[in-house]
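> Structure incoming, see below.
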Amino acid sequence: MSRVLVVEDEAAIAELITLNLRHAGFEVVVAPDGEVAQNEVDRVLPDLVLLDWMLPGASGLSLAKRWRGQQRTKDLPVIMLTARAEETDKVAGLDAGADDYLTKPFSTQELMARVRAVLRRKAPQALDSAVEIAGLRLDPATRRVSCEEQDVKIGPTEFKLLHFFMTHPERVHSRAQLLDRVWGDHVFIEERTVDVHVKRLREALSGVQRSQMIETVRGAGYRLTQQLANAA
């Protein structure tokens with residue numbers, strides 16, 4: 001489930017966007033201003049930001065520039081939402097680092113099409129990029145997992161599972177969601193299969209003292225946490 005951060009100070013517009021995104025299967029977080037938006041990005045990196053230009057406090061334009069200038073957020077997909085329709089404004093928004101630009105008022109169908117298009121463009125890049133959390137590094141290009149220069153021997157399914165966890169840290173995923181995102185549309189695989197592979201993944205990570213990063217959330221599913229890594 002892709003996480004979308006909606007940064008919009010007009011409550012009615014934010015609610016309309018949120019309803020449509022959730023109906024389409026997205027996880028949505030709403031921020032009414034730049035400060036809350038920055039806090040949300042710092043807490044959990046979203047898969048996409050819908051960013052209003054005119055905000056109380058820091059403008060959407062300044063936020064986009066800030067995110068593009070930082071290593072952690074330089075590839076964060078951003079769609080700018082604004083009532084400013086002049087070509088010079090669109091150029092300014094794109095120059096600030098927005099991936100797309102949508103002028104208010106817009107149809108929800110067009111918004112959803114733009115969201116899907118931006119996520120499709122960003123997906124291949126994200127899939128090929130190495131990811132590192134608390135010294136644990138996974139490189140899809142070389143199919144290697146390592147921790148502080150020590151290789152981790154891991155099976156192909158556990159590799160895919162770990163990759164998904166590491167690219168969606170701190171989020172709780174149900175067994176059904178993991179089956180859908182890691183295994184794909186395999187309707188004959190039982191949900192308990194996830195438990196078996198999580199157990200194998202923990203065993204593989206125990207050799208580098210990172211097994212505690214995979215947390216069981218009772219009654220909900222699993223998540224990869226960064227907080228336990230230093231104590232693991």
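Derivation of every value follows stated rules applied to the coordinates shown; laboratory data play no part. Predicted model only: the values in this text are computed from it and were never measured. Note that each Cβ is placed from the backbone with ideal geometry, even for glycine, and that neighbours are counted across all protein chains shown.
> Once you put a point 7 Å from the Cα of GLN150 and another 7 Å from the Cα of THR216, both along the Cβ direction, what distance in nm separates them?
In this crude label model, GLN150 to THR216 measures out at 2.4 nm.
> Once you put a point 7 Å from the Cα of SER206 and another 7 Å from the Cα of VAL44, both along the Cβ direction, what distance in nm separates them?
So the two model labels end up 2.9 nm from each other.
> Taking 45 Å as R0, compute the FRET efficiency from the Cβ-Cβ separation of SER59 and ALA141 and round it to 0.05.
Efficiency, rounded to the nearest 0.05: 0.75.
> Can you compute the modelled spin-label distance between ARG84 and THR157, with each label point 7 Å from Cα toward Cβ, in nm?
5.2 nm
> Which one, (1) 1.05; (2) 1.00; (3) 0.97, gives Rg/Rh (Cα atoms, Kirkwood Rh) as derived from the coordinates shown?
Read-out taken from this structure: (2).
> Which residues in the stretch 45-79 have a backbone N closer than 14 Å to a point placed 7 Å from the Cα of ALA24 along the Cα-to-Cβ line?
So the set is 47-51, 78-79.
> Below 8 Å, C-alpha to C-alpha, sequence gap of six or more: please give me the relative contact order for the stretch 1-92 in percent.
Averaging sequence separation for qualifying contacts and normalising by length gives 28 percent for the stretch 1-92.
> Something else about it: Using amide H atoms built 1.01 Å from N in the peptide plane, name the residues 5+ places from VAL152, or on other chains, whose amide H lies under 5 Å from its own.
It is VAL145, SER146, CYS147, by chain and number.
> If you don't mind, there's one more thing I want to ask. Give the residue list of GluC sites (Glu not before Pro) in the stretch 37-109 that are DSSP loop and have at most 16 other beta-carbon atoms within 10 angstrom. Let's see the in-between values first.
Numbers: sites: GLU40, GLU86, GLU87; in loops: GLU86.
For GluC sites (Glu not before Pro) across the stretch 37-109 that sit outside H, G, I, E and B with at most 16 neighbouring Cβ atoms in 10 Å, the list reads GLU86.
> Still on this structure, I have one more. So if each residue of separation counts as 0.36 nm, and I subtract the Cα-Cα distance between ALA12 and SER174, what length gain in nm does that give? The partial results should precede the final answer.
Values: separation 162, 0.36 × 162 = 58.32 nm, distance 3.09 nm.
Stretched out fully, the ALA12 to SER174 stretch lengthens by 55.2 nm.
> Which of the peptides 105-111, 167-173 is most tightly packed, and how do the rest follow, judged by the mean count of other Cβ atoms within 10 Å per residue?
Ranked by mean Cβ neighbours within 10 Å, highest first: 167-173, 105-111.
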